[in-house]
Amino acid sequence: MDAHAPADMSVVIGPSPADMLRDQTARARLAARALAIAPEAVRNQALNAAAAALRADQDAILAANARDLDAYTGSGAFRDRLMLNPVRIEAMAAGLEAITRLPDPLGRIEREWDRPNGLRLRRVAVPVGVIGMIYESRPNVGADAAGLCIKSGNAVILRGGSESVHSARAIQSAIAEGLATAGLPQDCVQNAPTADRAFVGAMLQAAGEIDLIIPRGGKSLVERVLREARVPVLAHAEGLCHTYIHASADPAMARRVLADAKMRRTGICGATETLLIDAEIAPALLPVLVEDLRALGCDFVADARSRAIVPDLAPASDADFATEWLDAKLSIAVVDGVDAALVHIARFGSLHTEAIVAEDAQAAETFINGCGSAVVMWNASTQFCDGGEFGFGAEIGIATGKLHARGPVGLEQLTTYRYEVRGTGQVRG
């Protein structure tokens, strides 16, 4: 071929993931402005109409989900997360309707005060703007995120896992119907236009275009987001939760709380992964706790002090204490009081959720105030770390960072604030 011949103009190179995202964020910003000023009644109308569309479009959504399931080569828990059925579609619809019954998070006056010069100041809750949601496997997460974002006045760009692409599009179509019914821009909720992993990278680099990234998925996804993002992130990499049983604990309560915290659902981020127990009560109580959990199918790894009490426990390494099992497996350590428990948690924890079981109120307050985690429980199961259990309705995820929002992220956590200053002609001079 002649080196000077013109290039083959029949080859069409499509837009890059960054170009596609730039187009989406430009439309999302326009849509977010309309959504931010929409009355609550209009936002609720969109959610109710979207719920109706999910029910009406059930056959199409199930057909799309069947395509995803046919293409998926995995099995077990991940396949179950991917699967939709009429019960799960109804749960998505009911979830959107439940969000309409929650208080409006926008326009909330967080503080109001007067200055000596007559100026009146307010701090008022407003939407964040454009949110990027990156999630894996479970297509219903997209519906939850869309509902929370619509109610809180935020536009959202959803990037689900490549394994759920057809399901996600079918669900987004129903959400778009709801927005259109309420007269709101359909660009308030958009799906990623490509399954290319480079699109995720573009989202993480989109400072100034996306205001907040929320990842919801496995450890590797969240670690990538935290490592690469130039956009603020609300996330938790792991749910390495601890239950500490103080010497003053009621034994019956300790048994009940620990069994629920570990075994109610072992694969969620709020499940207890490590038991810490005071040396003073360990000889009498630890064998009973182990027996309880073994009857429920739990396995164990334990430190030397625990194995001196229950000799058939497998030895635990530091790596074990740093592992989020997400399974019927528990790490155990014997500690010498509250301070030692807090040292262990600070060393191995992930700032998610910790619990103390104690009758001694002073010990409990010391534990609560000394714990750096997003959620701290007293005489309650760590599995209560959930937006619904907190009264937030649905949640978009759990945040373990130190800024903006911590713990379950619901409507209120999807807002920021502005200051409004009202005067009567004052000048500084």
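Please build a GNM for the chain, connecting alpha carbons under 10 Å apart, and tell me which residue among 206, 271, 32 fluctuates the most.
206
Mind running the shape call on the range 226-346? Use the C-alpha gyration tensor, a ≥ b ≥ c as the square roots of the eigenvalues: rounded below 1.5 for a/c, prolate if a/b tops b/c, oblate otherwise. Provide the component values of the computation, followed by the final result.
Details: a/c = 1.84, a/b = 1.65, b/c = 1.12.
It comes out prolate by the Cα gyration axes.
Before anything else, pin down the relative contact order of the range 17-235: Cα pairs under 8 Å, at least 6 apart, normalised by residue count, whole percent. Spell out each step's value before the answer.
Details: 400 pairs, mean separation 64.2, N = 219.
Relative CO of the range 17-235 lands at 29 percent.
What list do you get for 378, 325, 113 if you sort them by fewest beta carbons within 10 Å? Walk me through the numbers on the way to the answer.
On the way: 378 14, 325 20, 113 9.
By the 10 Å Cβ count, ascending: 113, 378, 325.
Report the calculated FRET efficiency for residue 319 and residue 117 (r = Cβ-Cβ distance, R0 = 45 Å), to the nearest 0.05. Kindly include the intermediate steps, with their values, before the conclusion.
Values: r = 61 Å, r/R0 = 1.36.
Once rounded, the FRET efficiency stands at 0.15.
Under a plain spin-label model, where a point goes 7 Å from the Cα along Cα-to-Cβ, how far apart in nm are residue 256 and residue 23?
With each label point 7 Å from Cα toward Cβ, the separation is 5.9 nm.
Aspartates and glutamates near residue 151 by alpha-carbon distance under 12 Å, same-chain residues fewer than 8 away left out - which ones?
40, 97, 104, 412
Below 8 Å, C-alpha to C-alpha, sequence gap of six or more: please give me the relative contact order for the range 133-223 in percent. Display every interim value, and only then the final one.
Numbers: 102 pairs, mean separation 32.8, N = 91.
Normalised by residue count, the contact order of the range 133-223 is 36 percent.
Explain nothing, just compute: Karplus ³J(HN,Hα) = 6.51 cos²θ - 1.76 cosθ + 1.60, θ = phi - 60°, for every residue of the range 128-136 in order, whole Hz, x for Gly and Pro.
5, x, 10, 10, x, 10, 10, 9, 10
Taking only C-alpha pairs under 8 Å that are 6+ residues apart, what is the relative contact order of the chain in percent? Provide the component values of the computation, followed by the final result.
Numbers: 864 pairs, mean separation 77.1, N = 429.
Normalised by residue count, the contact order of the chain is 18 percent.
For residue 262, go through the lysines and keep the ones whose alpha-carbon is under 25 Å away, minus same-chain ones fewer than eight residues off.
Candidates past the 8-residue exclusion: 219, 329.
Over all pairs of distinct alpha carbons, what does the Kirkwood formula give as the hydrodynamic radius of the chain, in Å? Mind dumping the intermediate values first?
On the way: mean 1/r = 0.0420 Å⁻¹.
That comes to 23.8 Å for the chain.
Determine ³J(HN,Hα), in whole Hz, for all residues of the range 78-85 in sequence, where each value follows from phi through the Karplus function 6.51 cos²θ - 1.76 cosθ + 1.60 and θ = phi - 60°; x replaces Gly and Pro.
For the range 78-85, the Karplus-derived couplings read 5, 5, 5, 5, 6, 6, 10, 8 Hz, x marking Gly and Pro.
Read-outs: derived from the displayed coordinates by stated rules, not from any lab. Model, not experiment: these values are computed from the prediction. Glycine gets a Cβ as well: all are built from the backbone with ideal geometry, and neighbour counts include every protein chain shown.
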